[in-house]
């Protein structure tokens with residue numbers, strides 16, 4: 001899952017980014033409102049975590065601008081503005097969730113997962129495909145009841161494919177979902193991860209569409 005974090009407090013932003021990465025998310029971090037709009041215009045994100053007290057362009061204006069240009073990316077507001085009127089204004093301006101600082105990182109991760117489920121149309125927290133089960137909260141994969149150890153990137157790639165079962169995902173889309181700004185990405189990295197997933201979970205799980213991308217087929 002690819003997240004854009006908008007937070008101008010350097011210490012807090014670094015801590016939140018580190019915590020989200022450790023929880024298995026890919027995170028890009030910006031520190032002002034203008035950078036949010038620029039990043040959202042050229043990159044595809046699964047979620048925006050938005051502080052309202054941003055320099056350059058206030059977070060509320062950022063939120064309204066995104067919704068006015070028909071950007072439906074889920075937005076979780078994370079702010080020190082805690083009055084009822086401010087919470088109502090944030091939600092009525094297009095935010096999907098609203099958290100007040102100080103906050104617990106574990107709760108933030110749970111809310112992120114809930115928004116991800118809503119975005120993909122799922123109600124169940126666990127992704128299932130035949131005998132294969134992936135638990136995002138527990139960061140655990142089982143096959144026929146037996147736990148399978150995956151690296152963090154393999155786990156994230158498998159989750160992205162399972163969330164889009166039946167859809168073909170290009171290599172570029174998968175790379176963007178797995179890697180943040182500044183991470184070094186080798187040209188064959190997705191192929192390597194797919195190879196490892198097939199070796200651990202079966203050669204037929206992920207199908208290659210030559211020249212297009214990869215998919216996990218829907219079960220009959």
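The condition (being in the same structural domain as residue 50 (by TED's automatic domain parsing), loosely packed, with under 13 Cβ neighbours inside 10 Å and closer than 20 Å to residue 72 by Cα) is satisfied by just one residue among 112, 88: 88. Out of the range 92-109, which residues are out of contact with any strand residue (DSSP E or B) (no Cβ under 6 Å at 6 or more places or on another chain) and either assigned to a helix (DSSP H, G or I) or surrounded by 16 or more Cβ atoms within 10 Å (Cβ to Cβ) (or both)? Those that are out of contact with any strand residue (DSSP E or B) (no Cβ under 6 Å at 6 or more places or on another chain) and either assigned to a helix (DSSP H, G or I) or surrounded by 16 or more Cβ atoms within 10 Å (Cβ to Cβ) (or both): 92, 93, 94, 105, 106, 107, 108, 109. Here is the figure for the range 161-190: residues that are touching a strand residue (DSSP E or B) at 6+ places or on another chain (Cβ under 9 Å) and not in a loop (DSSP other than H, G, I, E, B) total 12. Of all residues in the range 2-27, those being under 23 Å from residue 137 (Cβ atoms) and touching a strand residue (DSSP E or B) at 6+ places or on another chain (Cβ under 7 Å) number 11. Taking the criterion of being under 19 Å from residue 129 (Cα atoms) and not in a helix (DSSP H, G or I), the residues of the range 147-160 that qualify are 147, 148, 149, 150. Please tell me if residue 106 is assigned by TED's automatic domain parsing to the domain that holds residue 48, farther than 25 Å from residue 209 by Cα, without any contact (Cβ under 8 Å) to a residue 60 or more places away in the chain and more than 15 Å from the chain's Cα centre (by Cα). For residue 106, the condition - assigned by TED's automatic domain parsing to the domain that holds residue 48, farther than 25 Å from residue 209 by Cα, without any contact (Cβ under 8 Å) to a residue 60 or more places away in the chain and more than 15 Å from the chain's Cα centre (by Cα) - is met. Residue by residue through the range 41-58, note down the ones that are in contact with a strand residue (DSSP E or B) (Cβ under 8 Å, 6 or more places away or on another chain) and surrounded by 14 or more Cβ atoms within 10 Å (Cβ to Cβ). Listed by number, the residues that qualify are 45, 46, 47, 48, 49, 50, 51, 52, 53, 54.
Each row is one residue, and each column tells you yes or no for (1) out of contact with any helix residue (DSSP H, G or I) (no Cβ under 7 Å at 6 or more places or on another chain); (2) modelled with pLDDT of 95 or more; (3) outside any loop (DSSP other than H, G, I, E, B).
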{"position": "4", "(1), (2), (3)": "no, yes, yes"}
{"position": "27", "(1), (2), (3)": "no, no, yes"}
{"position": "45", "(1), (2), (3)": "yes, no, no"}
{"position": "62", "(1), (2), (3)": "no, yes, yes"}
{"position": "85", "(1), (2), (3)": "yes, no, yes"}
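Candidates in the range 64-83 are the residues that are over 21 Å from residue 108 (Cβ atoms) and out of contact with any helix residue (DSSP H, G or I) (no Cβ under 9 Å at 6 or more places or on another chain); of these, the one that is surrounded by the most Cβ atoms within 10 Å (Cβ to Cβ) is 67. Surrounded by fewer than 11 Cβ atoms within 10 Å (Cβ to Cβ), over 25 Å from residue 3 (Cβ atoms) and either out of contact with any helix residue (DSSP H, G or I) (no Cβ under 9 Å at 6 or more places or on another chain) or not assigned by TED's automatic domain parsing to the domain that holds residue 44 (or both): does that describe residue 200? Taking the combined requirement at face value, the residue does not satisfy it. Taking the range 115-146 as the range and being more than 22 Å from residue 167 (Cβ to Cβ), out of contact with any helix residue (DSSP H, G or I) (no Cβ under 8 Å at 6 or more places or on another chain) and surrounded by 13 or more Cβ atoms within 10 Å (Cβ to Cβ) as the test, the residues that pass are 140, 142.
For (1) modelled with pLDDT under 95; (2) closer than 21 Å to residue 217 by Cβ, each residue gets a yes or a no:
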position: 128; (1), (2): yes, yes
position: 137; (1), (2): yes, no
position: 141; (1), (2): no, yes
position: 156; (1), (2): yes, yes
position: 159; (1), (2): yes, yes
position: 166; (1), (2): yes, yes
position: 186; (1), (2): yes, no
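The values are calculated or read from the model by the stated rules, or taken from the named source; none is laboratory data. What you see is a predicted model; the values in this text were computed from it and never measured. No Cβ is skipped: glycine too gets one built from the backbone with ideal geometry, and neighbour counts run over all protein chains shown.
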